[in-house]
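K.L.:
Have a look at this one before I ask anything.
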Amino acid sequence: MLTHALDVIRNFMHADGAAFLPQLELLLFAVGILAMDTWISQKEKYWSPTLALAGVVFSGLTLWMLRARISTGAEFTAVHDTIIVDTYFLFFSALLLAASALVILLSVNEGSIPLRHKARYYALLLFACAAMMFAVSAVDLLVMFLALEVAALSCFFLAALRGVSSKPEPSSVKFMLGSLFGSAILAYGFSLLYGLSAATNIGKIASALTRRHNISKVIAVSHQPGAHGAQMYQLLQSRLPEALHWRPFMLETLPIAAFLLVLFALLAKTKAASMHRLVESAHSASPITPVLFLSGGFIVAMLASLMRLTLTVFGEYHDTWWPVVVAVALALIAAGVVASLRQKTFSDILACASCAQIGYMLLALISGDETALTALVYYLFTYLFIVSGAFAVLLAARNQSAAGPQMASLNDLGGRSPVVAVLLVIFVIALAGFPPTAGFFARYSLFQSLWRSGHRYTAWCAAFLALPLAWSYLRIAVHACRRSPDSNAETAAVSLGAPEAIVLGVCAFVSLAAGLYSEPFMRMARYAFGQ
Amino acid sequence: MLPISDYLFLSFTLLLIGVIGVITRRSLVIKLFSIEMILNAAGINLMAFARFFADAAGETFAAFIILMVVAQVLVALAIIAVVFTRWFNVSTAPAKHPEQGVPAS
Amino acid sequence: MPHEIIFFILGAGAILFAALTISARTVVYSAICFVLTLFATAGIYLQLHAPLLFAAQLIAIFCVVAALILFAVEVSKLDVALANEYHWRAKAAAIIATVVALLEIAFGVAQRHFLPGERLTVLLPKASFPWPLTVADILKYFLSYDLLPLAMMALATVIATVGIRAVFRRRD
């Protein structure tokens, strides 16, 4: 009986179980961290981040094994065609694991997380990462919706985590309500997609919408004068006579409404994640690493889900929805630029400007071709490391009490801690989009794809808005290099622990290497689309 | 069965009312109720389509939506309660209530 | 005809209580109207011959009421805190919601009766079965095709338990 049970488990793990083995490992390690925390002493609490990192590494190794499996055959689906293992899933899961590893390393020395809650913190982080990986692999609307909800639930608690002896911040409630609002709109959009296709699998939904779009085009042609129009009219008369009384916009309204709702919902969640800390009090002692996870990993998961839905389900309607995406992207960029120019603190500038960065990433959907999508994935990849590096500098400075929230407290950082100042300048220049950093090449690739696909005015507008955005980032670098005339200014130096040094080293390497020699990184980005 | 468009109009009206509630009201709890109303609208849509197609997938999706409504109300009320009871004391009126500092959207 | 009357009564009730929910001056009145909206929605599920969802919605109503009672003190504190909120917001919400609902209903009636060929819901897929599914069919589907979503809901429960312990702690 035992061998029979083992055979069943083995067969399951070779079949459907292999598809979500990376997520399962993360969940097991999270449960292990919680269980172990009940019997280890205070001095042994270092085991929690160690186990969390081990879980991320094991999950990464499993992804590598899955890569070997799908390189020999095609991608495969599992659990009644609700999740898929393809190159897209492998790439974005690896990115999410990298984001989690960076946050875990930075959390080791973060003093504002109470020691007795660190185990729960790491467990919530791993739960969120696993749920995001499910969301990226989902090809069923219900699984995608629930995965995004479970990820958001973990992030609610991460955002609500209080610092030592501090009050919980209202910013966590703002993020929660913004995310719930996005989820509700997403559920409505998904209900329309289900209604248009009688299916929850996105492949079947895409087929149904394609058929609907083709009939709409035939009806539009049949209303035109000429031989071709008459031919279409006769075709409709023989095959679908009732369509002669329909207007094309009647067939297009529900799919376009569904697209708008899905786009708005995922952007609302992304915006809630990136900008929720703006209402925080100036001297908040709340943890920073959850903010980094929300600004990095959560945004990656949302945009990856949006890309999968947009390209698979709504691909046929590209000619109809691209003007909407232009308007939304430019509005996001403008709003982010205006908001960031008004901010006075380092973290607020990063939060507002991330809104603009998301707008730039959305521009890639306008062209929709291979070059643009590769540029988008490259941008997302490099943005994650650059913003993690910037947050790592902020965290290291705060841990040492060497920098308060105001920009003036960064004055003379170059004199106090030259290495930290140089790293900060690298990340800021990369975010601003100057050469030779990865930020420049990412934006250049996007503009190039827009130019080639004929969206020249959009490219000009986006390039124009990049200038004030660059200034809002460069203010940080200016303060870091400026000598302080104030005798009461910060004088403490920033020393880096081993985890911070590792994170800063990796992030600085990616920020510079991806700009100086981008070919390997572009090849990685193309891998996400199976090339 | 009634035409599917009747159910679509009802759910769309509830969606719009929910969106108006989220945008116009400052109270966090009323915003939460407006959000749950949007989820209810999605549930009505799913169930109407499921009955139209005689398909089980839509009905189970609607059941999960109802589960999410319950979970969200419980978790959201709990988080709101913990955050704002630490900030606000009824006996002494605060100079500025943090909820009033939270933008409407 | 009876189905139409029942649907219009329940639909009108749901819209009315939804509008009252967002335009109520206090959280308590809003909560009462929200619960009544949920009841109207439950009635619509029953009218759609979905007894499972009707039962689930009643359980959801019970849980929402229990949560509101559990957090009644904190919710009422928030109510007191917002006593100075400008009433124009509630009035504005009521007016906008009423106008939008009336426009919606007018458009729906026009589309249904005066523009029979101009429906948004043309070309929807056909029913997969000739008759509505039974409760047993639904449960069978739920337990065979929806195991991954069920596992995710279980994971959500675990996360909520862990998170609540992390966030809710006594003052230091």
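K.L.:
So if R0 is 56 Å, what FRET efficiency would residue A:471 and residue A:38 give, r being the distance between their Cβ atoms, rounded to the nearest 0.05?
P.N.:
On the way: r = 51 Å, r/R0 = 0.92.
For residue A:471 and residue A:38, the calculated efficiency is 0.60.
K.L.:
Here is a further query. In nm, to one decimal, how far is the modelled label at residue A:434 from the one at residue C:73, with both set 7 Å along Cα→Cβ?
P.N.:
A separation of 5.6 nm, rounded to one decimal place.
K.L.:
Between A:70, A:23, A:95, whose Cα lies farthest towards the positive end of the dipole of chain A when Lys and Arg beta carbons carry +1 and Asp and Glu beta carbons carry -1, centred on the Cα centre?
P.N.:
A:95
K.L.:
Taking just the alpha-carbon atoms of the range A:314-531, what radius of gyration and Dmax come out, in angstrom?
P.N.:
Here Rg and the maximum Cα pair distance are 18.2, 63 Å.
K.L.:
Continuing with this model, one more query. Return the FRET efficiency for the residue pair residue A:28, residue A:502: r is the Cβ-Cβ distance, R0 is 22 Å, and the value is rounded to the nearest 0.05. Before the final figure, lay out each step's value.
P.N.:
Details: r = 25 Å, r/R0 = 1.13.
That gives a FRET efficiency of 0.30.
K.L.:
Step through the table entries A:269/A:344; A:174/A:269; A:204/C:140; A:118/A:269, compare each Cα-Cα distance with 19 Å, and write down the pairs that go over it. Please list the in-between numbers first.
P.N.:
On the way: A:269/A:344 25 Å; A:174/A:269 11 Å; A:204/C:140 22 Å; A:118/A:269 26 Å.
From the list (A:269/A:344; A:174/A:269; A:204/C:140; A:118/A:269), the Cα-Cα distance tops 19 Å for A:269/A:344; A:204/C:140; A:118/A:269.
K.L.:
Which one of A:390, A:343, A:330 has its Cα pushed farthest toward the positive end of the charge dipole of chain A, where Lys and Arg give +1 and Asp and Glu give -1 at the Cβ?
P.N.:
In chain A, that residue is A:343.
K.L.:
Now for a separate question. Under a point spin-label approximation (7 Å from Cα along Cα-to-Cβ), what is the residue A:57-residue C:65 distance to one decimal in nm?
P.N.:
My value for the distance between the label points is 5.5 nm.
K.L.:
Separation of the range A:195-258 and the range A:444-472 by C-alpha centroid, Å?
P.N.:
36 Å
K.L.:
Report P(r) for the range B:4-89: all Cα-Cα distances, bin width 10 Å, range 0 to the bin holding the largest distance, values in whole percent.
P.N.:
18, 39, 28, 12, 4, 0
K.L.:
Here is a further query. What FRET efficiency would be calculated for the residue pair residue A:344, residue A:448, taking the C-beta separation as r and a Förster radius of 25 Å, to the nearest 0.05? Intermediate values should be presented prior to the final figure.
P.N.:
Details: r = 35 Å, r/R0 = 1.41.
The value I calculate is 0.10.
K.L.:
Moving on to the next point. Calculate, in whole percent, how much of the Cα-Cα pair population of the protein assembly as shown lies beyond 47 Å. Could the numbers behind the result be given before it?
P.N.:
Values: 65896 of 326028 pairs.
For the protein assembly as shown, the share of Cα pairs beyond 47 Å comes to 20 percent.
K.L.:
Something else now. How far, in nm, would the chain grow between residue A:244 and residue A:422 when pulled straight, counting 0.36 nm per residue and subtracting the alpha carbon separation? Provide the component values of the computation, followed by the final result.
P.N.:
Working: separation 178, 0.36 × 178 = 64.08 nm, distance 6.81 nm.
Full extension of this stretch gives 57.3 nm more.
K.L.:
Okay, moving on. Please compute, for the alpha-carbon atoms of the range A:42-128, the extent along each of the three principal axes and give them in descending order in Å.
P.N.:
Between the extreme Cα coordinates on each principal axis of the range A:42-128 lie 48, 23, 18 Å.
K.L.:
Here's something else I'd like to know. Let me spell out the model: positive unit charges on the Cβ of Lys and Arg, negative unit charges on the Cβ of Asp and Glu, origin at the Cα centre of the range B:4-89. What dipole size does that give, in debye rounded to 20? Intermediate values should be presented prior to the final figure.
P.N.:
Details: 5 positive and 4 negative charges, 98 e Å.
So the magnitude is around 460 debye.
K.L.:
Right, next: Near the amide H of residue A:76, under 5 Å away, which other amide H atoms are found, from residues 5 or more places off or on another chain, if H is placed in the peptide plane?
P.N.:
A:85
K.L.:
Against the longest alpha carbon principal axis of chain A, how many degrees, from 0 to 90 and to the nearest 10, is the axis of helix A:227-239 turned?
P.N.:
In chain A, helix A:227-239 runs at an angle near 90 degrees to the longest axis.
K.L.:
Could you size up the charge dipole of the protein assembly as shown around its Cα centre, putting +1 on the beta carbon of Lys and Arg and -1 on that of Asp and Glu, and report it in debye to the nearest 20? Spell out each step's value before the answer.
P.N.:
Numbers: 51 positive and 39 negative charges, 288 e Å.
Dipole magnitude for the protein assembly as shown comes out near 1380 debye.
K.L.:
Per residue of chain A, what 222 nm ellipticity follows from adding -39500 (n - 2.57) for every DSSP H run with n ≥ 4, rounded to the nearest 500? Display every interim value, and only then the final one.
P.N.:
Working: 22 runs with 394 residues, N = 531.
So the calculated ellipticity at 222 nm is -25000 deg cm²/dmol.
K.L.:
Next up: When only C-alpha pairs under 8 Å and at least 6 residues apart count, what is the relative contact order of chain A, in percent? Can you show the working numbers first?
P.N.:
Numbers: 798 pairs, mean separation 79.0, N = 531.
Reported as a whole number, the value is 15 percent.
K.L.:
While we're here: Give the span of the range A:303-436's Cα atoms along each principal axis, as three whole-Å numbers ordered largest to smallest.
P.N.:
Taking max minus min along each principal axis of the Cα atoms, the range A:303-436 gives 56, 26, 25 Å.
K.L.:
Which cross-chain or sequence-distant (5 or more) residues have an amide H under 5 Å from the amide H of residue A:496, H modelled 1.01 Å from N in plane?
P.N.:
none
K.L.:
A follow-up question, please. Contact order normalised by length for the range A:409-464, with contacts defined as Cα pairs under 8 Å and 6 or more residues apart; what percent is it?
P.N.:
Averaging sequence separation for qualifying contacts and normalising by length gives 15 percent for the range A:409-464.
K.L.:
In whole Å, how far is the Cα centre of the range A:100-114 from that of the range B:33-57?
P.N.:
41 Å
K.L.:
Any chance you could give the angle, 0 to 90 degrees and rounded to 10, that helix A:87-107 forms with the longest Cα principal axis of chain A?
P.N.:
20 degrees
K.L.:
Pop a pseudo-label 7 angstrom from the Cα along the beta-carbon direction at both residue A:64 and residue C:52 and give the gap in nm to one decimal.
P.N.:
4.4 nm
K.L.:
Right, here's the next one. Among A:217, A:344, A:269, C:126, rank each residue by its count of other Cβ atoms within 10 Å, from fewest to most, as a rough exposure measure.
P.N.:
Details: A:217 15, A:344 12, A:269 29, C:126 8.
Starting with the residue having the fewest Cβ neighbours, the order is C:126, A:344, A:217, A:269.
K.L.:
Per residue of the range A:289-302, what does 6.51 cos²θ - 1.76 cosθ + 1.60 with θ = phi - 60° give for ³J(HN,Hα)? Whole Hz please, x for Gly and Pro, Karplus curve as stated.
P.N.:
4, x, 4, 5, 5, 5, 6, x, x, 4, 5, 4, 5, 4
No value in this document is a laboratory result; all are computed from the given coordinates. As the structure is a computational prediction, the values presented were derived from the model and not from experiment. Virtual Cβ from ideal backbone geometry, glycine too; neighbours counted across all protein chains shown.
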